[in-house]
Amino acid sequence: MLRLRWFDREPDDLSTPIDWRFAALIVATLFLNFPFWIVNSADLWMTGSLPLYAVQVGVVALLIAALFFAGPALAAQAAKRPLFGIVENSLGSIPAYSVRFCCVLFLLVWIAKLIVASELWPLHVIQPQGWSPIESGSIGIGIMGFLAFTGLQSVQTTARLALFINKLGAAILLAALIRVHHGWPAVLTASPVSTVYSEGLELWQGLSRLAFYLAPLAFLAGNFGYRSPGRKPVAMIALMGIAVPLGGTLLLVGIIGVATMESGLRRQGGEPNVAMALWSHAASSALPGRMMLAAITAFGTVRFGIRALVESASIRPLGARWTLVLLGCLAGAIVLVSADPYGPTLERSFELLTNLLAVLPAVLTADFVTRSWRVDGVRRFDWLGVSALLAGLATPLYVPNWIVGAGDDRWGSPWLLPSYGVAFLVCLSGRTVRRLSTSNENS
């Protein structure tokens with residue numbers, strides 16, 4: 001029987017190495033949860049044969065792990081410094097404070113949106129006429145308090161909780177797959193879903209949309225590199241915590257979507273996904289219980305976000321009172337998001353924060369490749385790192401739209417990978433030139 005120690009706090013020395021399996025279990029909750037299956041179910045449609053689709057999702061998963069997690073995590077492991085210590089080395093101490101602030105804002109909004117989205121499904125079935133923002137916010141705050149209490153424990157305890165959530169998520173996916181078994185033969189056809197675009201463009205757009213959602217989270221997960229004893233554990237976290245669960249989840253979600261279309265469970269006008277596979281033609285009395293189980297799969301992801309929020313705000317040196325202040329801000333964010341979850345101002349602000357946290361790993365990765373993390377002291381401003389970051393963020397201003405097919409939108413997911421590439425190349429070339437010039441002066 002699994003026993004949990006609810007008061008198993010983190011040790012005072014946060015540099016204590018941890019088992020890579022604990023970190024992998026915690027990070028895997030980012031993908032084995034119901035909101036991810038619904039929000040990103042259409043990002044990478046199965047437009048070809050099953051073997052080709054398996055290769056595509058595998059490549060996408062490996063690219064996301066390599067681009068947004070590996071560089072920051074390896075730099076943190078090599079320098080034996082936390083993730084934001086690496087940010088200070090790359091950008092300077094003053095820009096690092098701004099990055100911390102942006103991370104806090106991003107996590108406040110992201111966690112609030114995740115909690116609100118998770119509670120809306122069962123609540124809507126229980127009371128179809130709807131809930132007021134105060135009622136919905138109060139329930140969300142209660143859920144947040146429970147998850148904050150259980151999430152701010154030691155890595156070992158959090159990993160055990162994550163293991164339960166991951167098993168529940170895998171069981172729900174398996175149940176959805178079994179429920180649409182009449183549509184399994186359609187999965188084996190050569191082209192299950194037709195598309196007006198080429199497969200290459202579909203793959204590019206799917207990778208861009210997935211990266212736009214996952215890049216900030218993979219970057220924040222890079223802090224586990226600080227507590228990894230070597231490069232091999234970091235590689236195992238990237239493989240078993242990101243690449244394998246992400247690739248497997250995308251593969252199963254894609255198969256379930258195609259099978260749902262041909263199983264007779266698809267509803268007119270609805271998008272075939274895991275929710276339709278689980279709940280279509282189900283008795284109304286059974287829906288609340290099923291939806292609550294699906295909502296519980298988001299608990300592991302929220303715990304990850306709360307831990308990242310604490311690390312981003314440097315809560316430990318400031319004491320428990322500051323933790324309460326931060327959780328109070330999160331409670332207020334939940335109430336605000338409950339009032340208008342998809343407000344244009346909120347969405348635009350969230351998009352800008354996402355762009356920043358998705359391009360930042362490019363600078364850290366370039367610094368790791370050029371070994372620029374080896375510095376004696378932290379500068380107030382590192383103009384080269386800041387310039388590379390700004391160049392990446394400004395990419396939509398000087399790169400033609402037709403390159404990414406973005407239409408009239410000058411920012412957003414289509415621009416994420418080009419922005420990442422520009423920031424990486426600017427930082428890499430700048431660091432290389434500086435190192436060569438310094439070597440010539442010394443010689």
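In the range 32-43, the qualifying residues are those that are at pLDDT 80 or above and among the hydrophobic types (A, V, I, L, M, F, W, C), and the one that is surrounded by the fewest Cβ atoms within 10 Å (Cβ to Cβ) is V39. Applying the set (1) touching a residue at least 60 places away in the same chain (Cβ under 8 Å); (2) more than 20 Å from L353 (Cα to Cα) to V59 leaves exactly one unmet item: (1).
Among residues of the range 277-302 that are modelled with pLDDT of 80 or more, those with a Cβ under 7 angstrom from a residue that is assigned to a loop (DSSP other than H, G, I, E, B) and of a type in the set (A, V, I, L, M, F, W, C), sequence gap 6+ or separate chain, pair up as A277/V180; A277/L265; T297/L32; T301/L30.
Looking at V180, is it among the hydrophobic types (A, V, I, L, M, F, W, C), modelled with pLDDT of 90 or more and buried (at least 22 other Cβ atoms within 10 Å of the Cβ)? Walk me through it before giving the result.
Numbers: among the hydrophobic types (A, V, I, L, M, F, W, C): yes; modelled with pLDDT of 90 or more: no; buried (at least 22 other Cβ atoms within 10 Å of the Cβ): yes.
In short, no.
Could you list all residues from the range 382-426 that are at pLDDT below 75, surrounded by 13 or more Cβ atoms within 10 Å (Cβ to Cβ) and among the hydrophobic types (A, V, I, L, M, F, W, C)? Scanning the range 382-426 gives V399, V404, A406, W411. Remark: pairs (first residue in the range 202-222, under 16 Å from L32 (Cα atoms) and in contact (Cβ under 8 Å) with a residue 12 or more places away in the chain; second residue of a type in the set (F, W, Y) and not in a helix (DSSP H, G or I); Cβ separation under 6 Å; 6+ apart in sequence or on different chains) are absent.
If you filter the range 327-367 down to residues that are small (G, A, S) and crowded, with 21+ Cβ neighbours inside 10 Å, you find that the one that is modelled with the lowest pLDDT is S338.
Inspection of the range 252-264 identifies at least one residue that is more than 17 Å from the chain's Cα centre (by Cα), modelled with pLDDT under 75 and surrounded by fewer than 24 Cβ atoms within 10 Å (Cβ to Cβ). The residues of the range 272-310 that are over 19 Å from A28 (Cα atoms) and within 18 Å of the chain's Cα centre (by Cα) amount to a single one, V310. The residues of the range 76-94 that are part of a helix (DSSP H, G or I) and not aliphatic (A, V, I, L, M), listed by number, are Q77, F84, G85, E88, N89, S90, S93.
The values are calculated or read from the model by the stated rules, or taken from the named source; none is laboratory data. Quick caveat: nothing in here was measured; it's all calculated off a predicted structure. Cβ atoms come from the backbone with ideal geometry, glycine included; neighbour counts cover every protein chain shown.
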